[in-house]
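As structure tokens, the structure follows; a few thoughts come after it.
The values are calculated or read from the model by the stated rules, or taken from the named source; none is laboratory data. Just so you know, these numbers come straight off a predicted model, no measurement behind them. A quick note on method: Cβ atoms are made from the backbone with ideal geometry, for glycine too, and the neighbour counts reach across all protein chains shown. What goes into the accessible areas is simple: the full protein's heavy atoms, side chains included, and nothing from ligands, DNA or RNA. Shrake-Rupley method; radii C 1.70, N 1.55, O 1.52, S 1.80 Å.
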Amino acid sequence: MKTVLVTGGAGYIGSHTVQVLLQKGYSVVVLDNLTTGHREAIDVLSQSLKGTSSEQLSFYHGDIADRALVKEIVVRHDVNAVIHFAAKSLVGESMQRPDLYFLENTGKSVQLFSTLQECGVRHIIFSSTAAVYGIPEQIPISETIRKQPVNPYGESKLMIEQSLRWMEEAYGVKWVALRYFNAAGASLNGEIGEDHDPETHLIPLVLKTALGQRESIHIFGTDYDTPDGTCIRDYIHVLDLAEAHVLALAALQRGMASGAWNVGTGNGYTVREVIEMARTVTGREIRSIEAERRAGDPAVLVADASLIMTRLNWRPKYGLRDMIESAWQWHVNRPEGYSEAPN
Ligand SMILES: NC(=O)c1ccc[n+]([C@@H]2O[C@H](COP(=O)([O-])OP(=O)(O)OC[C@H]3O[C@@H](n4cnc5c(N)ncnc54)[C@H](O)[C@@H]3O)[C@@H](O)[C@H]2O)c1
Ligand SMILES: O=c1ccn([C@@H]2O[C@H](COP(=O)(O)OP(=O)(O)O[C@H]3O[C@H](CO)[C@@H](O)[C@H](O)[C@H]3O)[C@@H](O)[C@H]2O)c(=O)[nH]1
């Protein structure tokens, strides 16, 4: 088994995928510029290897657009596949600074793919997003519906998918774009988890409220056309996401055709249901305040994930309760998150 390069492997979803790759015996090299990721997540994962197999995980602090560095890594570690998480992913920021998102996400991803092509690396798994669909014309969302992103973040990711299609056409690169719905949860041993600054995601904010770090959680919009008036999302456990990446990688290496697939459970929960589940799991009160709609939020996003289920025989193992329980364990263990701030 050769080495997998994981870009953004010190981030939230990346670090959990690195953990699963290591558990399955892959050698992993992480390239991360630590803008939003945590070196400490890598240290925790290295410690879990306990000396004997410590060469199984290497870390490089650097940028995916640094062609010389990427080439050096590929050659030194005999990399034959890449899982590409590195990106900026704040929707609101992307509305304020679209150029930043097209440069950082689209531009740098294309640089990375071009370098990989020069080095002969032919297998790429890419983190895409349900944001490529914009306001979906049907629910559940299948991969074939119209893709009309409503923010530069989603557009920047769709452009990356399209660049992969053309890289395949020209050079025979094989790729899978996984369009995640809402990632949540943490590793089951509570050692790694979600630590974003600023945090914008619902579940960590609800749990920070349960911990007393915030006074209340704002419910953004209570007049949507949903059973309780709040937005519905398809929450997917970060470990189920990690598993999907590893299966996709193995399938590509066995010769499976390229493609873009949704990764979600197919079950939607309203904001109120999430808060209620968090009250049950934590046993804490969790004060909520009804607030205005947040700009750009579609009312309902739920995946039709039948394609990935058929192609990879992937099934989500965890439900909303598991996500909130594992995330709660992480927040209780590490109320301040990782100890060092990202740079
Ligand atoms: N969290 C979600 O619910 C969600 C949903 C859909 C898609 N995604 C996508 O999944 C991926 C991972 O998301 P996350 O929540 O783990 O984010 P994250 O911010 O925790 O992780 C991103 C990592 O990439 C690194 N990085 C960013 N730019 C880089 C660059 N130019 N060079 C090297 N490293 C760089 C960051 O330091 C960080 O460690 C992103 O591509 C995101 O767009 C996330
Ligand atoms: O304080 C909060 C935060 C969020 N929400 C709501 O909770 C839901 C989930 O929001 P959030 O956790 O911020 O996730 P999304 O905005 O749905 O976006 C996530 O899921 C998308 C795919 O579904 C990805 O594209 C994005 O990268 C990822 O951040 C939405 O209805 C929000 O309006 C609140 O009511 N209060």
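Just checking, how many residues over segment 150-174 are of a type outside the set (D, E, K, R), touching a strand residue (DSSP E or B) at 6+ places or on another chain (Cβ under 6 Å) and farther than 18 Å from residue 107 by Cα?
Count: 1.
Every residue in segment 147-185 that is open to solvent by less than 10 Å² (accessible area, probe 1.4 Å), within 12 Å of ligand 1 (Cβ to nearest atom) and of a type in the set (A, V, I, L, M, F, W, C), please.
Answer for segment 147-185, where residues must be open to solvent by less than 10 Å² (accessible area, probe 1.4 Å), within 12 Å of ligand 1 (Cβ to nearest atom) and of a type in the set (A, V, I, L, M, F, W, C): 160, 177, 178, 184.
Tell me, yes or no, whether segment 5-24 has at least one residue that is touching a Lys or Arg at 6+ places or on another chain (Cβ under 8 Å) and within 15 Å of ligand 1 (Cβ to nearest atom).
yes
In segment 307-342, how many residues are small (Gly, Ala, Ser) and open to solvent by less than 60 Å² (accessible area, probe 1.4 Å)?
Number of matching residues: 4.
When the residues of segment 158-179 are narrowed to those that are closer than 17 Å to residue 308 by Cβ and among the charged types (D, E, K, R), which ends up nearest to the chain's Cα centre (by Cα)?
If we take residues in segment 158-179 being closer than 17 Å to residue 308 by Cβ and among the charged types (D, E, K, R), then 179 is nearest to the chain's Cα centre (by Cα).
If residue 139 meets every condition in (1) in contact (Cβ under 8 Å) with a residue 24 or more places away in the chain; (2) more than 14 Å from ligand 2 (Cβ to nearest atom); (3) open to solvent by 20 Å² or more (accessible area, probe 1.4 Å) apart from one, which number is that one?
Every condition holds for residue 139 apart from (2).
Write out, first by first residue and then by second, each pair whose Cβ atoms fall under 7 Å of each other, whose residues are 6+ apart or on separate chains, and whose first residue, in segment 1-23, is on the phi > 0 side of the Ramachandran plot while the second is within 16 Å of ligand 2 (Cβ to nearest atom) and open to solvent by 20 Å² or more (accessible area, probe 1.4 Å).
Going by the 7 Å Cβ cut-off, the qualifying pairs are 8/85; 8/86; 8/87.
State yes or no: is residue 112 under 19 Å from residue 173 (Cα atoms), away from ligand 1 (no atom under 12 Å from the Cβ), at pLDDT 95 or above and open to solvent by less than 40 Å² (accessible area, probe 1.4 Å)?
Against the criterion (under 19 Å from residue 173 (Cα atoms), away from ligand 1 (no atom under 12 Å from the Cβ), at pLDDT 95 or above and open to solvent by less than 40 Å² (accessible area, probe 1.4 Å)), residue 112 does not qualify.
Residues of segment 45-95 being near ligand 1 (Cβ under 9 Å from one of its atoms) and farther than 27 Å from residue 23 by Cβ, which ones?
Within segment 45-95, 63, 65, 66, 88, 90 qualify.
How do the strands (runs of 3 or more DSSP E) wholly within segment 228-339 filter down when requiring 3 or more residues that are within 30 Å of residue 169 (Cβ to Cβ): which remain?
Once the strands (runs of 3 or more DSSP E) in segment 228-339 are filtered for at least 3 residues that are within 30 Å of residue 169 (Cβ to Cβ), what remains is 259-263.
For segment 199-210, check the following and say yes or no: at least one residue is assigned to a loop (DSSP other than H, G, I, E, B), in contact (Cβ under 8 Å) with a residue 60 or more places away in the chain and under 23 Å from the mean Cα position of the chain (by Cα).
Yes, segment 199-210 contains at least one residue that is assigned to a loop (DSSP other than H, G, I, E, B), in contact (Cβ under 8 Å) with a residue 60 or more places away in the chain and under 23 Å from the mean Cα position of the chain (by Cα).
Looking at residue 270, is it open to solvent by 60 Å² or more (accessible area, probe 1.4 Å), within 27 Å of residue 149 (Cα to Cα), away from ligand 1 (no atom under 14 Å from the Cβ) and among the polar types (S, T, N, Q)?
Against the criterion (open to solvent by 60 Å² or more (accessible area, probe 1.4 Å), within 27 Å of residue 149 (Cα to Cα), away from ligand 1 (no atom under 14 Å from the Cβ) and among the polar types (S, T, N, Q)), residue 270 does not qualify.
Among the numbered criteria (1) free of Cβ contacts under 8 Å to residues at least 60 places away in the same chain; (2) out of contact with any His (no Cβ under 7 Å at 6 or more places or on another chain); (3) within 12 Å of ligand 1 (Cβ to nearest atom), which single criterion is violated by residue 128?
(1)
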